[in-house]
Each structure stands twice: as structure tokens, then as C-alpha cells.
1. Take region 557-578 and flag every residue that is farther than 19 Å from residue 529 by Cα and buried (at least 19 other Cβ atoms within 10 Å of the Cβ).
2. When the residues of region 479-522 are narrowed to those that are at pLDDT below 90 and crowded, with 16+ Cβ neighbours inside 10 Å, which ends up nearest to residue 449 (Cα to Cα)?
3. Among the residues that make up region 38-51, is at least one of them touching a strand residue (DSSP E or B) at 6+ places or on another chain (Cβ under 6 Å) and at pLDDT 90 or above?
4. Need a quick list: helices (runs of 4 or more DSSP H) entirely within region 559-621 having at least 3 residues that are within 19 Å of residue 314 (Cβ to Cβ) and in the same structural domain as residue 472 (by TED's automatic domain parsing).
5. For residue 332, state whether it is in the same structural domain as residue 398 (by TED's automatic domain parsing) and outside any loop (DSSP other than H, G, I, E, B).
6. Given the conditions (1) in contact with a strand residue (DSSP E or B) (Cβ under 6 Å, 6 or more places away or on another chain); (2) crowded, with 24+ Cβ neighbours inside 10 Å, report the number of the one that residue 425 does not fulfil.
7. So which residues in region 257-308 are outside any helix (DSSP H, G or I), within 28 Å of residue 408 (Cβ to Cβ) and modelled with pLDDT of 85 or more, if there are any at all?
8. Starting from region 499-525, keep only residues that are over 20 Å from residue 458 (Cα atoms), then list their pairs with residues that are assigned to a loop (DSSP other than H, G, I, E, B) whose Cβ atoms are within a distance under 7 Å, requiring at least 6 positions of separation or different chains.
């Protein structure tokens, strides 16, 4: 409503008149309808005072119509003034703006006085902003953050003439003071002014609030029914998305604090695209996530604000820098990272080693421990969302990205559809209480995929996933199946002498769901349990070839046993007792206590300790108290505790 008042103020300053005249609210409503049109039916239907100003037709004319002055007096007892108005003979607001004569910036050539093109463009932009401020639907009216990115304010349409046209030159000269003021206003004493360029300080790009965490229908899910390849089970589908911003040469994106030159598009998904840009203020390479849906942008910024107090480097989280609107696109700015571990796997064309997996495991556990500390569930862990910072200079240093589907644990509800199917925890599928433990299940899936080099839980349906879980890990315990609101979809309860739950056959599942399971063949079809699968997987390194017999060395065997034990703890079917990030950070696979005796004599153990040095330093940093550390310049961060 403040933005509407701002529109009235700007219009009065421009036209020099009282914009909506009259002493009664009817006079104002009559003027609004005359100049801007009548509010849409859904607004009039919802208004508790609509009947005072409008009357609903019947029969062949069921819509709303503005009451006549006499009809208004009859229901209110007030006689409207209905004064004459500056805009009585004007068709619309744009026409009124464009037709108002200007005192300056005319072209008098050829004995014809015409408004110069520069002034005409400026008036068009002012008209466009006024129309956005006078949007009759407050839910979709332009917000302050969006208006700060409007071209009338940013003056992008005047740039080509800033040195050649007096009006454009004066505009940039006068706005210099605003640039300085805005920079001061944006300063956040809790953030690093060198790197944290938060343009709107939490005001999300779109105004419409996305309380998606409380609704299954509003919240976009990462459910999927078709997955193309085993280590990337969430193929991107852009067929239904509107065409995103296209790179031109050069393309400059404007935020209220800086400008970015777009170099290239480096990724895309159903949300939109990711652009590689250079911050023209700091010369820093930046990743700009360009979203097509304002609700997605609003929700993601909300989640990013919740993790703002977590130090991104110490807790292995992507650094969020800015959000802004550009050409009707919602833009989020992040630090530029290297590539995902999925991209790295495609380059290597072989599974990760245990030492590489350990390094990634520790860093993700630090990230999840930090998120758990503030009650945030990531919900979307997969190879695409684990990024290498700079693999060439810092091998296997990673960060967790993409909080567009993150969820406060306090808002998690039974029955929510969360996580990609192949990474989905059984409590989500069965309809049990949801906690941060679902991220630990996804971590188990990710680590198993890195180790075996295959898509761990195959299949396009939740039944295929549940069938694979039962085959490799066993069936969830009776108290879990009894409590799950969706258990009946996947299991059938016996009667009489067999009262327990049994997994439905594929035909039984199709009968209750209408979906035909794929039941694909699987790497683990002939494996008895997970531990056996881990131990039997052949290794390329660290063999003992004595006595003409190739056997796995004892050091590697112990390490594989520790890894198997961690996987089993991550794949605990009961989310309430599943291993937590803090407990996993103390697990022997991460601490390497079982390798200490051989750290100088065995190549595998030596490499393990050498690679994990970076994690030891990171964890030490993350544990420090920023309030007592003078080097932090007052920046308060929530570290791992």
C-alpha cells in the first residue's frame, strides 16, 4: 500500500495537481476506474467493502459495475462531489504522461517542435513505473526491491546518451548522490564489506510470500519420474520453462549496488540458467543464478537469509552475495565455483577412491552439522549440488550449493514430497516424521554412488526404490510401517497367522497406484548385504602380491570395514536413530583412528592423512568463536560446535 501512495506522490510531482481528487472514497474509486480501469473480478469478489462502491449484475450481466453517485448515496448516505478532473478526457495513464508538455529538451529543426527521443524514452520509463505502482492488485504490485531495479531508476535507457544529451547527462550527475547513499544503506555490520554485497538485505525479489514449506501444492518438489543416467538422477527439463535471459555481446546485468558483465552460461535446470559474470565493481568472477519463477527466488532468498550467519568457507557452504531483478528475471549472485563432483566423475570415468570419498564426506558432514544447528534441512543432496571450489589448486575442496528446496525443520510435515527419488529417505516415502536425518540418508546414497560408480537405488518409481531398499538393507521394522501414512501403498498387511507387513508385488503395487514399476536389474541383485558388497568390490591399489597370491592388504580391508560401517549407519531405516552429522564426524572412517599405526608405513594410510590435512584445518577454523577473534572484524558467524 506504501507503493501505491508512492505512485500518487510521483504523479502529483509530475503533473502538479492533486492526483485523485474528491472528498470521499467513492470519488477516489471513481477516478481510479476512469483512469486505470476497474479492479479484476477476483479482487472485487474478495473485498468485504466492495458492495459499497460496486453493484453486482444479475442474469445476463453477472459482473461487478461501479455504482452511480446516486446509488452510492443510497447505501452510504454520503453525496459524492464528482469534481471535474485533469484526466477527464484522457484515455489512460501512459497517454497522460506522454502528452504532458515539457519546457526543455525539444528539437526545433524544420520549424517543427517535437519532443526529443531521449526525453520520450525517459517519459515512457516513468510511465511504466507509474503503471507498476498503480497495479490494482496489491499482491502483484511492484515491490521496493523490484522498483530499485526498474530502468527509470537505473537509467539504463539513458546510458548511450549520457555524454551527448543534456537531459541524460543531468540525470546521471544528479543520481551520483543516490549511488553513494545506497552503498552506505546496504552496509551490513555483520558481513564482510569486501565480499558480501547484499543488495536488498533480505527483501526478496518478488513480494508474494512463498510459504511453500507448509503446503505440498505450493512447494515445488524434487520428485521425478524419469532419470537418465545413474550418477545424475535428476535430468534437467526446460521444455515447459519460459525462455531465460539470452547472452548478448556484451550483456550487462544491473543490481542496485553493482553491475555484472555476462560472459557465458555455465549451467541450466528447470529453474532457469546459471551465468558466469564479472563484477565490474570488484573484478570478481561471480555466478548469477537466473530464475524464471519469482516464487522460487523469493523462497530461496528466504532460505539463504536463514543460513546467512553460517560462515560459508568454514562450513563448506556456497557464499551468497546479492539478489536483484533484471529484465523481469530474478537473479541471485553467488561466488563462482569450479565444477560439480558429477562433472569430475565424468572426467575420471572411474569410481572415487576411499581417500577421496573420505575427504568429501568430512566436508559435507561439517556443512550438515552447521545446517542442523540452525534447523535447516537441505533436502536436495545429489552430485550436481556438491561443487569443487578449485580442483586444480585445492583438490577435492568442496562446497554444498542450491538451497532452493531447503526447508526449516520446524516446517516439515508428514507426507511432504521431498528429495529426488533415488536419494529419498524411507521416512519421506512411507509418510513418517521428517527431520534433518533425511539429509544423512542422501549422503549415504551419494557416498555409495561415488564408491561403486553406479546409480545406487535404481528405478523411476518410489516402489522400485523401496524394493531395492528392502532387498539390500532389509524391511523397515514393524513400528515404522505401522506409523507410516503411506505404508499401504508399498506394503500389504497379512491376516490370521501372518499379521506382519509384506512388500507388495509389482502387480499389487500397480493395482493400488496405477503405476507399473520397472523393477530393473541391479548391481546388488546377487549381494546378500551392504557390507559384503563393500568388501567384495575390487580395488586397483594397495594389494599384497606375496606368495604369488593377490590379496587385499589388511590396511585397506580395515578402511573398507570402517566405510561399510558408516554406510550402514547412514542407511539406518529409522530416521530417529540414524547417525547424525556430529556423530559421523567422530566415526573412525572420518577420524582415521584405525589407520594411525600405519600412517608412515602404508601408502594408502599415508595418503589418507595427507589429504585430510585440509579438513583438520577447516574444522579447527569453524570451531573458533568469531566474537572473540579480532581478525574477523566483527563478523559473527555460526560455526560447527
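1. Across region 557-578, the qualifying residue is only 575.
2. So, considering only residues that are at pLDDT below 90 and crowded, with 16+ Cβ neighbours inside 10 Å, the one nearest to residue 449 (Cα to Cα) is 522.
3. Checked against the condition, which is being touching a strand residue (DSSP E or B) at 6+ places or on another chain (Cβ under 6 Å) and at pLDDT 90 or above, region 38-51 yields at least one hit.
4. Answer list for region 559-621: 581-585.
5. Taking the combined requirement at face value, the residue does not satisfy it.
6. (1)
7. Listed by number, the residues that qualify are 273, 274, 286, 287, 288, 289, 290, 291, 307, 308.
8. So the pair list comes out as 500/494; 502/494.
The values are calculated or read from the model by the stated rules, or taken from the named source; none is laboratory data. It should be emphasised that the depicted structure is a prediction, and the values quoted were computed from it without experimental measurement. Virtual Cβ from ideal backbone geometry, glycine too; neighbours counted across all protein chains shown.
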